[in-house]
Amino acid sequence: MRSAFSAALTRLGRDNSDVLLITGDHGYALFDEFRKACPDQFINAGIAEQNMVGMAAGLARLGFRPFVYGLSAFVPIRVVEQIKMDIAHDDLPVILLGDGAGFVYSHLGPSHQSAEDIACARSVPGLTVLSPGDRYEMTACMDLAYDLRGPVYMRMGKADRGDVHSEALPPLVVGEPIRIREGPTDAPALLATGAMLTTAMQLAEQHGQMAVWSVPTIKPLATEAIAAIARSSSAIIVMEEHSVHGGLGAAVTEIVSEVAPCRVLRVGIRDRFSSHCGSYDYLLREHGLDLASVKERVDAFTAAV
C-alpha cells in the first residue's frame, strides 16, 4: 500500500506543478521516486510538525497543493490546533498524511501508537477523513483527496496486509461505502476500514454468510448508505484498528441510532493503553483485534442477534 501511495504521489506531482510534498523528517526511501521526479516540489521541514502545518497553510494560500506527511501519532495528533485554525478554518486545500496508524509502530510504545487520530480529525469542522484498506483504495483515495480541493486527513495503517480488491477502482464517491462481498438479509454485515479490512474478509469467509463493506471515507459518511445497510442486515459489525470512542464504529452508531435502529458491535481498541511493547501481531492479540479474538466476539454477538 505504501508503494501505491508513493506512485500516486509521484504521478500527481509530475502532472501538477502545484503539488508539494512536505515531510517532518520521515519517509526517506518512500520518497526517493518523488524527489527524483519532482526535486523542486519536495520540502523537508524537519522535526517541527506544528511549524510544518503552518508552512503548508501559507503555501496553500499562494496556490500550491501541499501534501503533508508524518507519523499519525504526530500528524494529526500533535498538530490538531494548527490543522483547526491554520487549515480547516479557512478551508485550505492541504492534504495531511498520517502514516503508521494504529499499532504499526508497535515496538515504540504508546507515544507512537495512534489509536485516536480518527476521533480527533472527525471533530475538526470541514476536514474530510479518508482511510484506505489496500493499494487500490490508496490510489483512489489519493486522487479523491487531490480532487476535493479542501482540507483532508488520510490515515495510513499497516501496509502489507494484502489486497482486497482485484483491480483499480472507479473514482470514489465521498462518504459511500464500497460493497466487497454480498450477504443475506438475515445475517450481520461487516463494515471495516483500513488494516482491518483484510481481517473482515477472512472472518466473512469463515462464517460463509456475511456481507462485507469497505469504508474508505470516514467523514463525511453517507447517512442513507449506512441506513440502507442497517435495514438490509440483521445487525452491523464495525471493525477498525482505532479506539472504539470516536472512530468509524461511533460514526455508524450515531447514524443508525437516529435513522435506522439496529444492533451494532464495535470491534476496535478499548479505552486503555497497551500493557507491553512487542510486534504488530502481538499487539493485535493483546487488544483483541487478531482474527481469532475477533471471531470469538463476533460468534457471541451473532448468537445473540
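Nothing in this text is a laboratory measurement; each read-out follows from the coordinates by a stated rule. The model shown is predicted, which means the values in this text are computed figures rather than measured ones. Cβ: placed from backbone, ideal geometry, glycine included. Neighbour counts: every protein chain shown.
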Scoring the chain by relative contact order with C-alpha pairs under 8 Å, at least six apart, yields a percentage of 15
Need the full-extension length gain, D281 to R2, defined as separation in residues times 0.36 nm minus the C-alpha distance. One decimal, nm. 98.5 nm
Inter-site label distance for F301 and E33 at 7 Å from Cα along Cβ, in nm: 3.6
Placed amide H near S131: partners under 5 Å, 5+ positions off or other chain: R155, T217, I218
Pairs of Cα atoms farther than 23 Å apart, the range 1-110, %: 25
I need to check one value: relative contact order of the range 74-127, counting alpha carbon pairs closer than 8 Å and at least 6 residues apart, in percent. 43
Amide H neighbours of L191 under 5 Å, counting only residues 5+ apart in sequence or on other chains, H built in-plane at 1.01 Å? W213, I237, V238, M239
K295: which lysines have alpha carbons under 21 Å from its alpha carbon, excluding same-chain residues fewer than 8 sequence positions away? K158
What are the aspartates and glutamates whose alpha-carbon lies under 19 Å from the alpha-carbon of K84, with same-chain residues fewer than 8 places away excluded? E49, E116, D117
Counting only residues 5 or more apart in sequence or on a different chain, those whose built amide H sits under 5 Å from that of L96 are V68, V152, Y153, M154
Within the chain, longest stretch free of exposed chymotrypsin sites (Phe, Trp or Tyr not before Pro) [DSSP loop, at most 14 other beta carbons within 10 Å]: 29-272
